[in-house]
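Peer 1: Below you will find the structure I want to go over with you.
The values are calculated or read from the model by the stated rules, or taken from the named source; none is laboratory data. Remember, it's a predicted structure, so these values are computed and weren't measured experimentally. Positions of Cβ are generated from backbone atoms using ideal geometry, with glycine treated the same way; all protein chains shown enter the neighbour counts. All accessible areas refer to the heavy atoms of the entire protein, side chains included, with ligands and DNA or RNA removed. Shrake-Rupley method; radii C 1.70, N 1.55, O 1.52, S 1.80 Å.
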Amino acid sequence: MATTVQITFDCSDPDRLAHFWADLLGYQLDSPPDGYDSWEDWLKAQGIPESEWNSASAITDPDGPGPRIFFQRVPEQKQVKNRVHLDVNAGGPRGRPADDRRVDVDAAVERAVALGATKVRLVEERGERFYVMQDPERNEFCLQ
């Protein structure tokens, strides 16, 4: 049996981060369980207090191969640099012309900023070019 991976983000606002990452990656929010028209209907049916409705959210790749990304609310704020981060390949395959990759990556950076990301810095070293970014809760990621 193949092993699967889910990426989990600790955060203060799971719904906000789920929407941000779904928009950035072209993912979709998980659908509510069968028999329910919305997550709100499911949450009510489970007797979950409204104050807990934003305790978790998840997104999935609509095409299937990407990992599920889960967002869970935690009480503490982010304190230091992430030890693990996502690299988002917005430039396409490495074999593409560098100028074409640059245009696509720069456009992805501007789109990410419009979605709520922060551009930290441009890195150009060892033949690589990428942007270090932060999502709305300051989790680092790279756009390359």
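Peer 1: Under the rule of at least 5 residues apart or a separate chain, name every residue whose amide H is placed under 5 Å from the amide H of Val120.
Peer 2: Under 5 Å from the amide H of Val120 lie the amide H atoms of Val132, Met133, Gln134, each far enough along the sequence or on another chain.
Peer 1: Tell me, what ³J(HN,Hα) does each residue in segment 16-26 have, in order and in whole Hz, if you take phi through Karplus 6.51 cos²θ - 1.76 cosθ + 1.60 with θ = phi - 60° and put x for Gly and Pro?
Peer 2: Along segment 16-26, the couplings run 4, 5, 4, 5, 4, 5, 4, 5, 5, 9, x Hz.
Peer 1: Of the accessible area of segment 65-138, with the probe set at 1.4 angstrom, what percent is carbon plus sulfur?
Peer 2: Result for segment 65-138: 51 percent of the exposed heavy-atom area is carbon or sulfur.
Peer 1: Just need the Rg to Rh number for segment 30-122, please, alpha carbons only, Kirkwood Rh.
Peer 2: 1.08
Peer 1: Cross-link candidates for Lys119: which lysines have Cα within less than 29 Å, leaving aside residues fewer than 8 places away along the same chain?
Peer 2: Lys78, Lys81
Peer 1: Still on this structure, I have one more. Using a 10 angstrom Cβ neighbour count of at most 16 plus a DSSP loop assignment to flag exposed chymotrypsin sites (Phe, Trp or Tyr not before Pro), which longest range of the chain is free of such sites?
Peer 2: It runs 54-144.
Peer 1: Any idea of Thr8's accessible area? Nearest 10 Å², probe 1.4 Å.
Peer 2: Rounded to the nearest 10, the figure is 70 Å².
Peer 1: Leaving out ligands and nucleic acids, note down the accessible area per residue over the chain with a 1.4 angstrom probe, in whole Å².
Peer 2: Value returned for the chain: 64 Å² of accessible area per residue.
Peer 1: Please figure out what share of the DSSP beta bridges in segment 48-144 is antiparallel and state it in percent, rounded to the nearest 5.
Peer 2: 85 percent
Peer 1: If you don't mind, another one. In percent, how large is the relative contact order of segment 24-144, given Cα pairs closer than 8 Å and 6 or more residues apart?
Peer 2: Answer for segment 24-144 is 20 percent.
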